[in-house]
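Undergrad: Below is a structure I'd like to ask you about.
Bear in mind that the values in this text are calculations on the coordinates, not laboratory data. Treat the numbers as computed from the prediction; the structure is a model and nothing was measured. Heads up, the Cβs are rebuilt from the backbone with ideal geometry, glycines too, and the neighbour counts pull from every protein chain shown.
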Amino acid sequence: MRLYLLALNPTVSVTEGFLPAARRLGLQVTLLTDQPGAHARSGAGTGDDGVEILDCDVRDFHALITRISTHHAPDAVFTNSDHLQTQAALAADYFGLPGKDWRATLRTKDKAQLRRHLTATGADTVRAAELPAGRDPEELRAVPVPYPCVLKPREGVASEDVVLATSPEELVRYAREIRSRRAGAPLVVEEYLDGELHTLETLGDGRVRHLLGGFHSEVSPPPVFIEKRHHYVAAHPEDITRQILAQLDALGVGFGACHTEFVVSDDGRARLIEVNYRAIGDQCDLLLAQLLDVPLFDHILRTHLGEPLPADLGARTGARARVHYPLADRAGTLTSAPGACDLEQDGIKLAYRPLRDVGEQHELYGTNRDYLGVIRAFGPDGTGQQAVDLAVERFLTERRWEITP
């Protein structure tokens with residue numbers, strides 16, 4: 001069976017998650033990407049891994065369908081990229097294969113459309129406005145959104161260029177700054193939803209939907225929103241989960257993996273921040289598979305092959321876990337940092353993976369691009385959260401990350 005896997009830049013989710021899962025399932029993989037050289041350098045398509053890499057303008061669904069139809073017949077079309085969900089859904093539908101509804105992928109990717117659709121269906125209303133491509137940021141002074149408000153790219157990811165504005169002057173200034181980096185990009189302004197950030201991770205096949213727990217996330221102080229660390233939560237309160245699932249149903253989300261971010265207001269309302277219609281990233285997906293002790297990536301691919309999910313995944317539910325991101329606090333050159341390692345002490349398993357090489361020079365971005373590395377730690381059933389946290393804090397204390405301006 002042949003899997004067409006769509007990707008932009010290489011990600012750990014693909015190289016350590018989905019490609020190994022495809023091998024376990026015995027799939028022939030054709031990786032379609034507009035960055036074939038980068039994927040070859042990441043190790044894909046080398047040796048006997050069964051992966052072929054083809055150059056393709058994967059952002060263009062017409063080019064994508066043409067590339068597939070002039071190659072081997074597909075059995076599945078899949079992507080874990082935020083930017084390519086609609087293209088993958090359209091291609092899967094064209095070839096009569098299982099996949100996500102392209103309307104749902106568009107609603108979740110387009111943050112303005114997400115707000116409009118939730119309002120139209122009565123699922124929830126968040127005051128929001130859109131600044132279309134090419135329009136003058138000065139127009140934002142007139143938007144009917146209360147302050148403080150959040151400004152973001154309409155189709156952005158990873159808190160990139162997401163800022164909190166406290167006045168019309170700040171709003172216009174931030175919009176001009178974002179446009180200097182993203183010429184003509186459409187922007188969204190929406191009311192600030194106060195509350196601690198949580199996630200819900202789901203996996204469905206269109207018939208059954210499994211709840212995989214979620215994370216309680218700690219975010220940097222405004223005006224930027226950098227996710228600094230996550231603690232695993234096996235289950236959210238039933239009322240909160242019911243509200244989130246109702247909003248996902250209104251959006252048409254229910255096939256494959258979905259990563260949903262939300263806050264809970266003082267009156268107990270669950271308010272969506274955004275819906276990422278793919279598996280959670282930043283290595284939380286690797287941790288999730290490990291702590292649940294299920295073949296998560298295999299299950300996700302099986303749904304796109306048309307195989308039903310089991311009624312019970314057999315997931316382990318008592319584990320405790322934390323993901324922590326050491327952050328750059330200044331611009332400059334990384335002159336000292338720990339290397340990758342895997343440790344185990346007192347039953348706590350900890351993995352560290354660097355995201356920058358020593359000698360690399362970077363600006364201070366105020367986004368997830370400030371991550372220096374990823375610490376993943378978890379303890380099996382019966383472990384207390386405090387023990388996991390202590391293992392992470394010990395690791396942070398005993399290592400040094402030095403940046404020279």
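Undergrad: Quick one: compute a quarter of the convex hull surface over the Cα atoms of the stretch 11-80 and quote it in nm².
TA: 4.6 nm²
Undergrad: Toward the positive end of the charge dipole of the stretch 311-369, about the Cα centre and with charges on Cβ (Lys, Arg +1; Asp, Glu -1), which of G359, L313, I348 goes farthest?
TA: About the Cα centre, the residue reaching furthest to the positive side is L313.
Undergrad: Continuing with the same structure: Hey, any idea what the orientation-averaged projected area of the convex hull of the chain's Cα atoms comes to, in nm²?
TA: 20.2 nm²
Undergrad: From Cα pairs below 8 angstrom and at least 6 apart in sequence, can you work out the relative contact order of the stretch 296-405, rounded to a whole percent?
TA: Value for the stretch 296-405: 36 percent.
Undergrad: Oh, and also: Using just the alpha carbons, could you tell me how many Å³ per residue the convex hull of the stretch 342-385 encloses?
TA: Cα convex hull per residue, to the nearest whole number: 87 Å³.
Undergrad: I would also like to ask the following. Where the Cα atoms of the stretch 1-133 are projected onto their three principal axes, how long is each span, largest first, in whole Å?
TA: 53, 30, 28
Undergrad: Roughly what % antiparallel, to the nearest 5, for the DSSP beta bridges in the chain?
TA: Taking every DSSP beta bridge with both residues in the chain, the antiparallel ones total about 80 percent.
Undergrad: Still on this structure: When only C-alpha pairs under 8 Å and at least 6 residues apart count, what is the relative contact order of the chain, in percent?
TA: Computed over the chain, the figure is 13 percent.
Undergrad: Where a Cα-Cα gap under 18 Å defines reach, which lysines qualify for K109, not counting those fewer than 8 residues away within the same chain?
TA: Cross-link targets: K100, K152.
Undergrad: Still on this model: To the nearest Å, what is the center-to-center distance of the stretch 212-267 and the stretch 105-153, using C-alpha atoms only?
TA: Computed from Cα coordinates, the inter-centre distance equals 20 Å.
Undergrad: Would you mind classifying the stretch 272-405 by shape? Square roots of the alpha carbon gyration tensor eigenvalues, ordered a ≥ b ≥ c; an a/c under 1.5 is rounded, otherwise it is prolate if a/b is larger than b/c and oblate if not.
TA: oblate
Undergrad: Follow-up question, since we're still on this one. Put +1 on the Cβ of each Lys and Arg and -1 on the Cβ of each Asp and Glu in the stretch 53-148; which of P132, H71, F95 then has its Cα farthest toward the positive end of the dipole?
TA: P132
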